[in-house]
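Below is one structure, written out as structure tokens, with a few remarks after it.
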Amino acid sequence: MVAKGETGVLGLSSVELRDRLASGALKATVLAKACLDRTAALEPQIGAWAHLDPDHVMKQAEMADRYRAAGHAIGPLHGLPVGVKDIIDTAKIPTENGTAIDRGRIPTEDAFVVARLKAAGAIIMGKTVTTELAYIHPPKTRNPNNLAHTPGGSSSGSAAAVASGMVPLAIGTQTGGSVIRPAAFCGVTGFKPTFGAIPRTGILKQSQTLDTVGVFGRGPLDVALMAEALFGDDPGDPATRPAPHPKLFKTAAEEAPVKPVFALVKPPGWDDADPEMKEAFAELAAALGQEHCFDVPLPEHFSHAAELRQRINFAEMARNYYTYARAGADNLSPEMQDALQHGSATLAKDYLAALDWPEVYYAGLKEIFRHADVILTPAAPGPAPEDLTTTGSAIFNGLWTMVGAPAITIPVLTSQAGMPMGVQLVGPRGYDGRLLRAARWLWSWIDDQS
């Protein structure tokens, strides 16, 4: 993991790197070489990459330096290496979706988000490891903080690559908790925006109702920087809508006009959470003070949210992964086989009824947002489990994914064993910039207290 006191380019935030690259004080080739050297040293232990071509990375960096030296206008991510989850299509670069069934698959076109990255001047560092078809079967990746602990999933490689300093930024996706959970487990910032904010064109479709593109970075401003470059609309994704481009980074960087008000929500599953996490949140709430942080209980019907989200997820998986199922059970993990069987057995009336619930739940959350700026809740039941046969529980993430609300986790708590524990903030739909600003405020405030 990148230590706070580390010197050199790998000790800088993405925002600092952006500014140095833009001014010419730092060359893209120097940054790329540093990332590749770090990767060469740590990748054998961590296993964050599904595909990495150092020569291609350096060629991109050389082109970036020549472009800037020629005086051309540069994009907001100029020269910044970015890891891309291996379910996101990259032209002429393998995209194998974490399954042997797609081994050797090389797309001919970039996904929308990859095209946006290139247009913004980013360097595609490589493809990061995903769980099988972005579900829960554990991959080869290990947690950089302790190799005996899971890094989470399904965006395992993206979180681990950023946490270990192999790359400053990465992209993942979330259908349940696949951005927030691995970010929390690995000790980085993970941001899942409002549903439909970032087009999913060219990305493996697991659940059209739930799939959301998310980003990883060191802190809130880093993820705001990259997310802003990815926001947009695309005819290939019916979840997107034409809208003015948001000023995420500017909003996140602004001083909050007043101290944010946090609604502390103890979601379903709280009783089974790690006592150390509960204690940490009690201390955090007390430090924020009653005027700015108050408990808000969720109504009883929220206890069914995890079951309903899973019903939607499995039913849509059964449809979208039909060709994988036809390839034969021997090619799929037991976890995937079980999910597809449950999805195939779901009755249409039960699936359609489940689709009504996200709006019911969001109506309840809107009442909370009338009294608080953001919801404050854990990113996971505790630190990453010391168990490589699991990717951990997404019980504290699925609700926010189901309702399409933006969520962010920041690495500001640590267990007694030295493992990171994420603080998750959730905001109203469409208010991604304000959520990022509240996260930056909390990030800075906690740093000032330490």
Long-range amide H partners of A111 with built H, under 5 Å: D89, T90, A91
Distribution of pairwise C-alpha distances over segment 397-449, 10 Å bins, in %: 24, 46, 26, 4
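Highest mean first, what order results for 131-143, 278-290, 107-119 on Cβ atoms within 10 Å?
Per-residue Cβ counts within 10 Å, averaged per peptide and sorted highest first, yield 131-143, 107-119, 278-290.
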Phi to ³J(HN,Hα) by Karplus 6.51 cos²θ - 1.76 cosθ + 1.60 over segment 283-299, Hz, x for Gly, Pro: 5, 5, 4, 5, 5, 5, x, 5, 6, 10, 8, 9, 6, 10, x, 8, x
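How would you rank 241-251, 120-130, highest first, on the average number of other Cβ atoms within 10 Å across their residues?
Details: 241-251: 14.4, 120-130: 26.2.
Descending mean neighbour count gives 120-130, 241-251.
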Loop-located GluC sites (Glu not before Pro) in segment 358-444 whose Cβ has at most 15 other Cβ within 10 Å (DSSP): E386
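Report, please, the projected area of segment 152-298 averaged over directions, based on the convex hull of its C-alpha atoms, in nm². Write out the running numbers ahead of the final one.
Working: hull surface 42.2 nm².
Over every viewing direction, the Cα hull of segment 152-298 projects on average to 10.6 nm².
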Flagged links, alpha-carbon separation over 18 Å, of K278/K366; K266/K366; K85/K205: K278/K366
Mean projected area (nm²) of the alpha-carbon convex hull when the chain is viewed from all directions: 20.2
Per-residue ³J(HN,Hα) for segment 134-150, Karplus 6.51 cos²θ - 1.76 cosθ + 1.60, θ = phi - 60°, Hz, x for Gly and Pro: 6, 9, 10, 5, x, x, 7, 5, 10, 6, x, 6, 6, 5, 7, 9, 5
Cβ-based exposure ranking for F195, F294, F185, in which fewest neighbours within 10 Å come first: F294, F195, F185
Distance histogram in 5 Å bins (all Cα pairs of segment 244-318, percent per bin): 3, 11, 14, 14, 14, 14, 16, 10, 3, 0
Semi-axes of the equivalent ellipsoid for segment 304-355, Cα gyration tensor, largest first, Å: 21, 11, 7
Relative contact order (%) - the chain, alpha-carbon pairs under 8 angstrom, separation at least six: 17
Over 18 Å [Cα-Cα, segment 319-390], rounded percent: 67
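For segment 9-253, how big is Rg over Rh, using alpha carbon atoms and the Kirkwood form of Rh? Mind showing how you got there, number by number?
Working: Rg = 16.3 Å, Rh = 17.5 Å.
Reported Rg/Rh, Kirkwood definition of Rh: 0.93.
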Most mobile listed residue (S393, S158, S23) in the chain, GNM with C-alpha springs under 10 Å: S23
The chain: most fluctuating residue of A252, A25, A184 per GNM, C-alpha cutoff 10 Å: A25
Choice from T414, T323, T39 with maximal GNM fluctuation in the chain (Cα, 10 Å cutoff): T323
Using θ = phi - 60° and Karplus 6.51 cos²θ - 1.76 cosθ + 1.60, couplings along segment 241-253 (whole Hz; Gly, Pro as x): 9, x, 7, x, 5, x, 9, 4, 5, 4, 5, 5, 7
Order of D274, D19 under a 10 Å beta carbon neighbour criterion, fewest first: D19, D274
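Every read-out reported here was derived from the displayed coordinates using simple, explicitly stated rules and does not represent laboratory data. Since the model is a prediction, treat every value here as computed from it, not as a measurement. So basically every Cβ, Gly included, is an ideal-geometry build from the backbone, and we count neighbours across all protein chains shown.
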